[in-house]
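The values are calculated or read from the model by the stated rules, or taken from the named source; none is laboratory data. This structure is a prediction, so every number in the text was calculated from the model and none was measured. Cβ coordinates were reconstructed from backbone atoms using ideal geometry, including for glycine residues, and neighbour counts include every protein chain displayed. The area values use the complete protein model at the heavy-atom level, side chains included, leaving out ligands, DNA and RNA. Shrake-Rupley method; radii C 1.70, N 1.55, O 1.52, S 1.80 Å.
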Amino acid sequence: MKWKILIVLLILTVITAGCAEKGQESENGKIAQASEGAQNIEETGNSDAGVSIDSIVFSRTGALITLKEEAEVSQVKISSVNNSAESIDIGKTENQVFVAFDWEPNIQYKFEVITGNGAKSDLEVYAPEKPALKEEYAVKLEDVTPGSIDKTTENVEGMIKFSPDSKYLAIGTQGGSLKLIELATGEKVWETQLVKGIADARISDIEFSGDGKHLIVGEDSPDAFIHCFDLNGKEIWKYGAGQDLGSDLDHMPAMKKIKLDSKGNIYVAASRACGYIGEEYKYLGKVYSFDLEGNLRWKFPESELMDSGVTWVDTTPDGKYSVFGTTNFANADKWKEGTVHVLDGNTGKEYWNYSIPPLKPFFDYTAIWYSTQITPDGKNIITMTSDGRAFLFNNSRSMETGTPEIGWQANISTPVVVSGVPIYGSANYAYIINNTLIFSIGSTFSKDKNNDAPIEHPNGNSIFAYDTDGNLLWKWRVDGYAGECAMNDRYLVVPISQNLVTEDRNVHGVYVFDISKSGGSNSKLVQVYNTKGITIASDISPDGKYIAALEAPARLDDGTVLGEYKVHVLT
């Protein structure tokens, strides 16, 4: 009999212990730490008093609170052990509420949601190590013919740009369609077709005016128009560079890059690749400036064309300086390739220029692509040559002395010889974020026409960050082709497409760096969003809340198509 009593007591002990353990798990579940930025945790406060909080997702600029049902939210209070309570007025009837605030990783925060009738609910959660990226919606674009994933020159193209007030997203497509999307809803405000029925014609660049009331759009087309629209989709004016640069369907001109100063003046780099004329490949180029009403302020050069291409232009916010570099893959007859030009932004008069010598014995020419930038204060200019060299020019000293002065030079991805084959990383883009200078290196190429690159260049497909004194701050191995990056005062957003050497298809997407963070690239890389297809363009809204990633399809050797032509809108 005693053994039966012992068994009963043992069973009761196990049950009691199990109940205690479950109770402890339930208690621990109320306050939890997440590693990927999203919290899906039972609320700890008065769930019967207000509408329960379903989840909290930490983003770059705050947190998205999702309620279990729609409610009239009047206020959200946020507190932590390190900071006193912060009250944020909402005044909306929603089931999701975004609250903007600066949060710290691994800190416990208490969120209190107060409804219009005074009911409250709260939730305590730990902030993650890094913020999350969440897709709000995707905007599907027109059907396109995917290019071969083995050739970046066949990539489907497109442009995306946020408005200065972070309310709209403009999308320009491979097929010449332009549309304006309302960010909050994802609804199309308007759409217009700019280029019709012409193969390879497309929208080449998009910019908003500083006041957000005008949209400036460039074409790669026989006419190479630059258009100015209002936000209702009405065209205010247009101007065609085709009348200056000439055109045919195989070699169309393009308004390659558009920049605006703080006064609304517009600066445009126009270029045309003319193809082979005799044994040499020829380019033509011109730089224009317009006011916001469409009046032509100046052309450079005034009465002729450059026999080198111009694919990029930059200006200081006050419009004092306008800068660009020239490109060619042969020796130009007059307007030397690989030359940095510095103009008076108000008149188009040239202050100075400097022709960067070719990197012999590997190259007989110098080409500058998308890299010539000037610091907002006008003191320094940076550029890259396609052979892998980065330069900083001291513009202040050059203006004082009348002689161009190179502050420093870095040989980032210049040729190295591997198994008898010279290979180099193609230098593409340069950017300036506060006092950080960013240089983007693209795919690896061989200088031997008879042999492909046996390996990837050690610094190919990489991003390098320097200070203005030429000190390397950090670098990051991209593992894919980095297109034109987007940025605000804090974040650098990098769109990544295919890697021609490793052929890793898992690297496609957008990569977000927080330049303000200390440490190397691993600590600065705060978010990644991968796409099935190649990611060809990106942008970040000025308020930092939204990121847009333009995905394009690409065709594998067996005919399989990866991805779709669409824009991912992320928070």
>> For the stretch 519-530, give me each residue that is surrounded by fewer than 20 Cβ atoms within 10 Å (Cβ to Cβ), assigned to a helix (DSSP H, G or I) and in contact (Cβ under 8 Å) with a residue 24 or more places away in the chain.
In response: Ser521
>> For Lys475, only one of the following conditions fails: (1) part of a loop (DSSP other than H, G, I, E, B); (2) of a type in the set (D, E, K, R); (3) open to solvent by 30 Å² or more (accessible area, probe 1.4 Å). What is its number?
In response: (1)
> Any idea how many residues of the stretch 370-385 are outside any loop (DSSP other than H, G, I, E, B) and within 29 Å of Lys282 (Cβ to Cβ)?
Replying inline: 8
> So which of Ser289, Ser308, Ser355 ends up being touching a strand residue (DSSP E or B) at 6+ places or on another chain (Cβ under 6 Å), farther than 18 Å from Leu245 by Cα and of a type in the set (Ser, Thr, Tyr)?
Replying inline: Ser355
> What number of residues in the stretch 245-264 are outside any loop (DSSP other than H, G, I, E, B) and surrounded by fewer than 18 Cβ atoms within 10 Å (Cβ to Cβ)?
Replying inline: 2
> So, in the stretch 117-138, of the ones that are of a type in the set (A, V, I, L, M) and surrounded by 19 or more Cβ atoms within 10 Å (Cβ to Cβ), which residue ends up nearest to Gln498 (Cα to Cα)?
Replying inline: Leu133
> Just one of Lys213, Lys259 is free of Cβ contacts under 8 Å to residues at least 24 places away in the same chain and of a type outside the set (Val, Ile, Thr); which is it?
Replying inline: Lys213
> Are there any pairs, at least 6 apart or on different chains, whose C-beta atoms fall under 6 Å, with the first in the stretch 555-571 and under 22 Å from Val510 (Cβ atoms) and β-branched (Val, Ile, Thr) and the second open to solvent by 70 Å² or more (accessible area, probe 1.4 Å) and at pLDDT 95 or above, and if so, which?
Replying inline: Val561/Arg555
> Quick one: which of Gly186, Gly197 is farther than 25 Å from Ser289 by Cα, in contact (Cβ under 8 Å) with a residue 60 or more places away in the chain and not acidic (Asp, Glu)?
Replying inline: Gly186
>> Being over 18 Å from the mean Cα position of the chain (by Cα) and among the aliphatic types (A, V, I, L, M) is true for just one of Ala138, Ala119, Ala132, Ala170. Which residue is that?
In response: Ala119
> Take the residues of the stretch 479-518 that are touching a strand residue (DSSP E or B) at 6+ places or on another chain (Cβ under 9 Å) and charged (D, E, K, R): which is least open to solvent (accessible area, probe 1.4 Å)?
Replying inline: Asp514
>> With the structure loaded, tell me whether Leu492 is at pLDDT 95 or above, in a strand (DSSP E or B) and over 20 Å from Pro542 (Cα atoms) or whether it fails that test.
In response: no
> Of all residues in the stretch 288-310, which are open to solvent by less than 10 Å² (accessible area, probe 1.4 Å) and within 20 Å of Phe329 (Cα to Cα)?
Replying inline: Met306, Ser308, Gly309, Val310
> For the stretch 277-287, how many residues meet the condition of being without any contact (Cβ under 8 Å) to a residue 24 or more places away in the chain and either outside any loop (DSSP other than H, G, I, E, B) or open to solvent by less than 30 Å² (accessible area, probe 1.4 Å) (or both)?
Replying inline: 1
> So how many residues does the stretch 540-555 have that are open to solvent by 40 Å² or more (accessible area, probe 1.4 Å), farther than 13 Å from Val569 by Cα and not in a strand (DSSP E or B)?
Replying inline: 2
> Picking from Ile78, Ile56, which residue would you name as being open to solvent by less than 20 Å² (accessible area, probe 1.4 Å), part of a strand (DSSP E or B), touching a Leu at 6+ places or on another chain (Cβ under 8 Å) and not polar (S, T, N, Q)?
Replying inline: Ile56
> Does Glu142 count as among the charged types (D, E, K, R), out of contact with any Asp or Glu (no Cβ under 8 Å at 6 or more places or on another chain), closer than 27 Å to Asn232 by Cα and touching a residue at least 40 places away in the same chain (Cβ under 8 Å)?
Replying inline: yes
>> Of the residues Thr192, Thr173, only one is touching a Ser or Thr at 6+ places or on another chain (Cβ under 8 Å) and β-branched (Val, Ile, Thr); which?
In response: Thr192
> Can you name every residue in the stretch 312-341 that is assigned to a loop (DSSP other than H, G, I, E, B) and open to solvent by less than 10 Å² (accessible area, probe 1.4 Å)?
Replying inline: Val313, Thr316, Gly319, Thr326, Asn328, Glu337, Gly338
> How many residues are surrounded by fewer than 14 Cβ atoms within 10 Å (Cβ to Cβ) and assigned to a loop (DSSP other than H, G, I, E, B) if we restrict to the stretch 344-369?
Replying inline: 6
